[in-house]
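A short write-up of the structure that comes next.
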């Protein structure tokens with residue numbers, strides 16, 4: 001069972017590492033190949049360790065989506081909430097709960113979708129937050145993509161300066177994923193949105 005999960009991890013890591021790679025000069029590819037390989041090996045080991053830990057601890061019952069829904073803020077970076085929804089789905093041992101809030105200004109030129117997911121300590125977490133075990137730091141003329149930490153939580157940021165589209169995701173207590181995706185907004189507004197969620201309270205949910 002664990003071997004299958006390790007293979008799944010390998011596929012997820014490889015996809016994450018290479019999905020955003022554009023065309024490069026052949027020599028640059030040769031220079032970077034060893035670095036990429038080392039990064040992939042490190043990430044796969046960490047993900048395999050997480051799979052083993054999840055296997056040992058076993059899944060826990062996901063929090064009721066209504067509890068997560070109640071944690072959605074009334075506004076996101078000054079944008080009022082237009083809609084809130086939630087659901088719980090999956091199969092035995094692989095159930096996740098999700099709550100989503102949609103926020104926008106009057107003409108929809110600025111929108112934010114805020115999602116709180118409880119993976120219930122299952123291996124699905126590794127697919128939903130594969131970025132949590134890799135290191136990404138990429139910058140172009142139009143934007144950037146990087147992993148890091150926001151407070152005590154592992155984070156993933158992606159932003160396009162031209163379109164002002166972005167994404168910010170946090171991993172909380174190795175089971176909850178908080179994600180804010182915005183259009184026509186600044187990264188600061190996305191960060192403010194995530195900070196409006198009571199993250200310590202979320203981390204303590206059982």
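The values are calculated or read from the model by the stated rules, or taken from the named source; none is laboratory data. Treat the numbers as computed from the prediction; the structure is a model and nothing was measured. A quick note on method: Cβ atoms are made from the backbone with ideal geometry, for glycine too, and the neighbour counts reach across all protein chains shown.
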Residues located in the stretch 181-206, provided they are free of Cβ contacts under 8 Å to residues at least 40 places away in the same chain and buried (at least 19 other Cβ atoms within 10 Å of the Cβ) = 187
List the pairs whose first member sits in the stretch 154-166 and is at positive phi, whose second member is part of a loop (DSSP other than H, G, I, E, B), and whose Cβ atoms are under 8 Å apart, counting only residues at least 6 apart or on separate chains?
-> 164/184; 164/185; 164/186
Residue 112: in contact (Cβ under 8 Å) with a residue 60 or more places away in the chain, assigned to a strand (DSSP E or B) and buried (at least 20 other Cβ atoms within 10 Å of the Cβ), yes or no?
-> yes
Just checking, which of 151, 90, 120, 101 is at positive phi and crowded, with 19+ Cβ neighbours inside 10 Å?
-> 120
Would you tally the residues in the stretch 115-140 being at pLDDT 95 or above and either more than 20 Å from residue 204 (Cα to Cα) or not in a strand (DSSP E or B) (or both)?
-> 4
Determine, yes or no, whether residue 139 is out of contact with any helix residue (DSSP H, G or I) (no Cβ under 6 Å at 6 or more places or on another chain), farther than 14 Å from residue 199 by Cα and crowded, with 18+ Cβ neighbours inside 10 Å.
-> no
Of the residues in the stretch 160-206, those that are assigned to a strand (DSSP E or B) and within 25 Å of residue 96 (Cα to Cα) number 14
Only one of (1) in a helix (DSSP H, G or I); (2) out of contact with any helix residue (DSSP H, G or I) (no Cβ under 8 Å at 6 or more places or on another chain); (3) modelled with pLDDT under 95 does not apply to residue 67, and that is (3)
